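Below is one structure, written out as structure tokens, with a few remarks after it.
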Amino acid sequence: MQIIIVGLGKLGITMTKQLSHEGHSITVVDINNEKLTTTVDTYDVMGVCGNGATCETLEVAGASKAKLIIAATASDELNILCCLIANRMGTEHTIARVRNPDYAAQMQFLRNELGINMIVNPEYETANEISRVIRFPSAANLDSFARGKIEMASIRIHSDNILCDLPLYDLRKKTKAKVLVCAVQRDEQVYIPSGDFVIKCDDVISITGTRSELSQFMKQIGVYKHKIKNIMIVGGGRIGYYLSKLLSDTGRNIKLIEHDYERCHHLADTLPDVTVIHGDGTDQDMLEEQNIDLQDALVALTGIDEENIIVSMYAESKGVNKVITKVNRHSYSILGELGLETVVSPQIVAGNLVTRYVRALQNSAGNSQIQTLHKMVNGKVEAVEFIVPENAGYENIPFKELNLLPNILISCIMRNGKIIFPNGDDVMKANDNIIVVTAGRIIEDLHDIFV
């Protein structure tokens, strides 16, 4: 697929990396020639230096023949204009990054009236992901499928956990909970486990189930964390604003610390149910003064990764029950070794949304429809939700008679509201929601999982 990416900030580079890896023909556009040259050399893509919101630049980039344009510059208005011009020049599909909260109420207008196919707000989507984890703090990370009816949670197995040295075929006997372990990270290796796989200490396991079954499972293995009531947010930028707004009507006590005085006034005016504090949230004395040791959760959301990591490590040392760290760099797997298990990246969150859209476009001639896509374990594992089409050719055939590719797991089926963890005798039926977990493969259609 021919794709144009305008703007080589963090999101633009993330999308260039992901989509070039999936084999698409990528042309990147940026006004910074040095950044452009580095990206072209690193990812082996085409590059055009210029303003991506001008007809001249877009013509050189091939907008008249492109299937998709992703506008990800630092300016919302420029991204919108870029999409409008590209669409008039012949680009079939358009995606714009729009981050300003002032435009939040106009998203439907931008889509329906201006014809922008997808609006991406990385900060809002990140805040939404953090709010899900806060509502279920036992998980290091949490992803939702089937319109929230199925969850996939990640947890680290510490040395005192009852699952250490347990083969998976004994899991149901040990916990009684109806969950499925669908991926395991061990050091730098990732496994799609079979029944005889043995869980080891320090493994990070990804488990699938309903929210109630996951809660039961967490209680039985001793990692359940009680509901979060008191939350401290360090950093009052866009994510801090969106997160405070999402949580302010849930009855939780929220402290939001922001160092910029004018920004504090704005936040206090727009977030009446949040305690907004002017100060340096990375300063130990400030954190002590605001009773960090009495908080149930701390969310580090400053604009500097190093500050977020230091604040998070300090919160861990003070015994804060749930610590969430925002980072912008792609390589943050080492943070788990430092004890920081819940790490979020706006670029990765937004990149997953765009990747799902691109896969759906690629599969427009296929049958099954991608509903949800989540990348896990630093992008090494994907969980993709499909709807099984009618007359697909693999319906009503027992799984034991289907030849699945290696490192493919059908982790869950939702049929008429019922959750099924399939065995060899189960089958797929039309309109089922199927969650496929895979490592090292790109799945665009359900047909891709078969030999």
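The values are calculated or read from the model by the stated rules, or taken from the named source; none is laboratory data. Because the structure is predicted, anything quoted here is derived from the model rather than measured. Cβ placement follows ideal geometry from the backbone for every residue including glycine, while neighbour counts extend to all protein chains displayed. Side chains are part of the model used for accessible areas, which takes the heavy atoms of the whole protein and leaves out ligands, DNA and RNA. Shrake-Rupley method; radii C 1.70, N 1.55, O 1.52, S 1.80 Å.
Here are the numbers:
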| item | result |
| --- | --- |
| Search result, residues across segment 247-261 that are more than 16 Å from Val234 (Cα to Cα) and acidic (Asp, Glu) | Asp249 |
| Residues that are surrounded by 14 or more Cβ atoms within 10 Å (Cβ to Cβ) and in contact (Cβ under 8 Å) with a residue 24 or more places away in the chain, drawn from segment 100-118 | Pro101, Tyr103, Leu110, Leu114, Ile116, Asn117, Met118 |
| Selection status of Ile26, in contact (Cβ under 8 Å) with a residue 60 or more places away in the chain, open to solvent by less than 30 Å² (accessible area, probe 1.4 Å) and either outside any helix (DSSP H, G or I) or in contact with a Phe, Trp or Tyr (Cβ under 7 Å, 6 or more places away or on another chain) (or both) | no |
| Single residue of Ile162, Ile157 found to be surrounded by fewer than 23 Cβ atoms within 10 Å (Cβ to Cβ), at pLDDT 90 or above, closer than 23 Å to Glu341 by Cα and touching a strand residue (DSSP E or B) at 6+ places or on another chain (Cβ under 8 Å) | Ile157 |
| Filter result (over 23 Å from Lys10 (Cβ atoms) and aliphatic (A, V, I, L, M)) within segment 69-92 | Leu84, Ile85, Met89 |
| Members of segment 130-146 found to be charged (D, E, K, R) and within 16 Å of Leu353 (Cα to Cα), listed by number | Asp143 |
| Residues (out of contact with any helix residue (DSSP H, G or I) (no Cβ under 7 Å at 6 or more places or on another chain) and either of a type in the set (Phe, Trp, Tyr) or part of a loop (DSSP other than H, G, I, E, B) (or both)) located in segment 1-23 | Gly7, Gly9, Glu22, Gly23 |
| Residue in segment 319-343 that is modelled with the lowest pLDDT, counting only those that are out of contact with any Ser or Thr (no Cβ under 9 Å at 6 or more places or on another chain) and part of a helix (DSSP H, G or I) | Ser333 |
| Selection within segment 141-191 - under 22 Å from Arg211 (Cα atoms) and β-branched (Val, Ile, Thr) | Ile150, Ile155, Ile157, Ile162, Thr175, Val179, Val181, Val184 |
| Segment 86-99, subset open to solvent by 30 Å² or more (accessible area, probe 1.4 Å) and without any contact (Cβ under 8 Å) to a residue 60 or more places away in the chain, residue nearest to Leu267 (Cα to Cα) | Asn87 |
| Hey, Cys82 open to solvent by less than 40 Å² (accessible area, probe 1.4 Å) and over 21 Å from Arg356 (Cα atoms) or not | yes |
| Helices (runs of 4 or more DSSP H) contained entirely in segment 235-318, each with at least 2 residues that are open to solvent by 50 Å² or more (accessible area, probe 1.4 Å) and farther than 25 Å from Asp102 by Cα | 284-289, 305-317 |
| Residue satisfying all of: in segment 366-390; at pLDDT 85 or above and of a type in the set (S, T, N, Q); nearest to Ser154 (Cα to Cα) among these | Thr372 |
| Condition broken by Ala177, with the remaining ones in (1) surrounded by 22 or more Cβ atoms within 10 Å (Cβ to Cβ); (2) touching a Phe, Trp or Tyr at 6+ places or on another chain (Cβ under 7 Å) satisfied | (1) |
| Matching residues in segment 42-60 - criterion: being open to solvent by 80 Å² or more (accessible area, probe 1.4 Å), under 18 Å from Leu11 (Cα atoms) and not β-branched (Val, Ile, Thr) | Asp44, Met46 |
| Strands (runs of 3 or more DSSP E) lying entirely in segment 383-451 (those with 2 or more residues that are touching a Phe, Trp or Tyr at 6+ places or on another chain (Cβ under 6 Å), among the basic types (Lys, Arg) and surrounded by 15 or more Cβ atoms within 10 Å (Cβ to Cβ)) | none |
